[in-house]
1. Limited to segment 178-203, what total is found for residues that are open to solvent by 20 Å² or more (accessible area, probe 1.4 Å) and out of contact with any Leu (no Cβ under 8 Å at 6 or more places or on another chain)?
2. Please state which one of ALA382, ALA394, ALA403 is more than 28 Å from VAL204 (Cα to Cα), in a helix (DSSP H, G or I) and aliphatic (A, V, I, L, M).
3. Limited to segment 67-81, what total is found for residues that are in contact (Cβ under 8 Å) with a residue 40 or more places away in the chain and aliphatic (A, V, I, L, M)?
4. Tell me which of these THR247 doesn't satisfy, since it passes every other one: (1) of a type outside the set (Lys, Arg); (2) more than 16 Å from ligand 1 (Cβ to nearest atom); (3) under 30 Å from GLU168 (Cβ atoms); (4) at pLDDT 95 or above.
5. Would you check which residues across segment 361-416 are within 11 Å of ligand 1 (Cβ to nearest atom) and either at pLDDT below 95 or basic (Lys, Arg) (or both) and list them?
6. Looking only at residues in segment 292-308 that are buried (at least 17 other Cβ atoms within 10 Å of the Cβ) and more than 14 Å from ligand 2 (Cβ to nearest atom), which one is farthest from TYR457 (Cα to Cα)?
7. Cβ-Cβ below 6 Å, separation at least six or inter-chain, first residue in segment 189-215 and within 20 Å of LEU261 (Cβ to Cβ), second among the charged types (D, E, K, R) and assigned to a loop (DSSP other than H, G, I, E, B): which pairs?
8. How many of the residues in segment 430-445 are open to solvent by 30 Å² or more (accessible area, probe 1.4 Å), farther than 19 Å from HIS297 by Cβ and within 26 Å of the chain's Cα centre (by Cα)?
Amino acid sequence: MTKESQKTNTMTAEETARQNSFIELAKTLTAQKSNTLGRPLTYCLTTFGCQMNEKQSEVVAGIMDEIGYHRQDNEEADVVIYNTCTVRENANLKVYGRLGHLHSLKDKNPDMKIILFGCMMQEPHVVEKIKKTYPFVNLVFGTHNIFKFAELFYDMQQSEQQIVDIWEGTDQIVEDLPTERNYTFKSGVNIMFGCNNFCSYCIVPYVRGRERSREPEAIVKEVKRLAADGVSEVMLLGQNVNSYGKTLENPVTFAQLLEMLEDIEGLKRIRFMTSHPKDLSDELIATMAKSKKICHHLHLPLQSGSSRILKVMNRRYDKEKYLDLVDRIRTAIPDISLTTDIIVGFPGETEEDFQETLDVVAKCGYDTAFTFLYSKRSDTPAAAMENQVPQDVAKERFNRLLALVQQEGRRRSSRFEGSVQEVLVEEESKEKGIFTGRTEYNLLVHFPGNESLLGKYVRVHLDECRGFYYLGTLEENE
Ligand code: 5AD
Ligand code: SF4
């Protein structure tokens with residue numbers, strides 16, 4: 001271990017100990033309040049946005065549980081927490097809409113506390129608006145100081161004032177905080193934070209800061225601990241996992257990290273997201289092809305099929321490079337399932353540009369494509385571009401793209417119809433007695449089953465493809 005990383009680890013350990021002492025203090029206050037009220041205290045936590053947010057919410061939930069609060073789904077709780085997203089405007093609008101409702105709940109229970117954190121809070125104009133229009137919010141913090149949640153919560157317990165603590169950035173990565181995992185058998189694992197790519201439409205680099213990778217040893221330790229705890233599937237998380245490790249004092253490639261995880265006992269499936277096409281190496285393709293654990297699924301955001309638009313988006317690949325990459329991946333891993341993200345209506349997008357996008361979709365055979373209407377994000381370069389596409393034009397293109405994506409997705413994912421696939425059983429669906437599992441290819445399968453199957457791998461016959469999911473039946477001998 002280098003001196004630098006020793007120093008970072010010690011800092012981290014000190015900070016974890018400090019936060020644990022705030023958990024103890026907050027716990028005492030909570031117990032006193034609960035005694036006075038003669039009932040347990042409750043919290044409701046809602047996560048908007050991506051899997052990174054889901055993962056960070058698990059830390060906040062872990063700390064709330066330690067402090068002594070009981071989680072519930074209903075917002076008539078003692079503490080209501082939103083982990084916010086700002087990648088598109090509608091994510092922000094949802095939060096504002098729900099704050100109105102929370103205000104009326106707080107009128108009924110003035111003791112109720114409201115906490116907002118995450119990406120949206122890193123935008124100065126949002127914080128200004130909350131201070132001015134929503135003074136009843138008790139605590140606001142961002143993405144860089146989530147590790148301080150216990151300390152901020154303890155401060156909030158003793159304060160009548162709105163507390164706002166937003167950091168502009170951090171190079172700290174605090175390890176070993178309490179975590180309440182959403183599932184016992186699968187887990188997200190952060191391998192890096194932030195993004196350095198500055199795609200011209202994207203707000204993420206501004207709200208999540210510069211790219212920082214966790215030390216590989218810390219990741220291996222976490223995954224080993226998870227596996228020992230019964231987790232058999234991990235999802236490695238980062239905005240651009242293909243550039244993992246480049247900024248470490250002792251650089252490591254993403255493929256090397258995957259190899260370190262390959263032999264961990266008890267671990268059966270490794271997934272990761274998101275892959276930036278510009279950084280996807282042949283080394284990674286080869287590692288995926290030979291691995292026994294890495295799932296044959298790649299999420300490879302296209303964003304646009306037009307080389308001209310890709311340039312203005314600052315994606316640093318063009319249509320030909322992308323198609324060539326898909327070709328190389330499919331040659332090395334013929335059964336791979338590909339999924340993607342596409343933006344429609346980026347400034348200056350013409351019908352010809354849009355046709356290029358349709359062309360790539362027709363050529364690539366995506367199992368699923370997530371399609372988004374371009375959303376103007378403040379202070380990004382694209383927001384200042386003059387040739388914004390009118391909403392009705394963008395919407396009409398969006399509908400055409402969606403129709404193609406659905407048609408292609410159905411065609412592509414039906415390739416497994418009639419086969420038997422290994423499925424990790426994740427949950428009971430809304431319909432009682434029908435369980436939902438996921439194949440290695442990330443396809444959902446619904447089939448009749450029972451609770452004892454949860455978290456297990458079973459073999460399921462895929463009877464019928466219904467577009468993005470299958471209806472199946474358990475194999476006899478399960
Ligand atoms: N408008 C629309 N979609 C966006 N995305 C990111 N920023 C924007 C934006 N301003 C999409 C991209 C990305 C996904 C997570 O969100 O497709 O891959
Ligand atoms: Fe945003 Fe591009 Fe970074 Fe993805 S790679 S988070 S789209 S800036």
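The values are calculated or read from the model by the stated rules, or taken from the named source; none is laboratory data. As the structure is a prediction and not an experimental result, all values here were calculated from the model. Glycine also receives a Cβ, built like all others from the backbone with ideal geometry; neighbour counts cover every protein chain displayed. Protein only, heavy atoms only, side chains kept; ligands, DNA and RNA dropped before computing areas. Shrake-Rupley method; radii C 1.70, N 1.55, O 1.52, S 1.80 Å.
1. Adding up the residues that qualify gives 12.
2. ALA403
3. 1
4. Tallying (1) of a type outside the set (Lys, Arg); (2) more than 16 Å from ligand 1 (Cβ to nearest atom); (3) under 30 Å from GLU168 (Cβ atoms); (4) at pLDDT 95 or above, THR247 fails exactly one: (4).
5. Those that are within 11 Å of ligand 1 (Cβ to nearest atom) and either at pLDDT below 95 or basic (Lys, Arg) (or both): LYS376, ARG377, SER378.
6. Here the answer is SER306.
7. Close Cβ pairs satisfying both conditions: ILE191/ARG214.
8. 1
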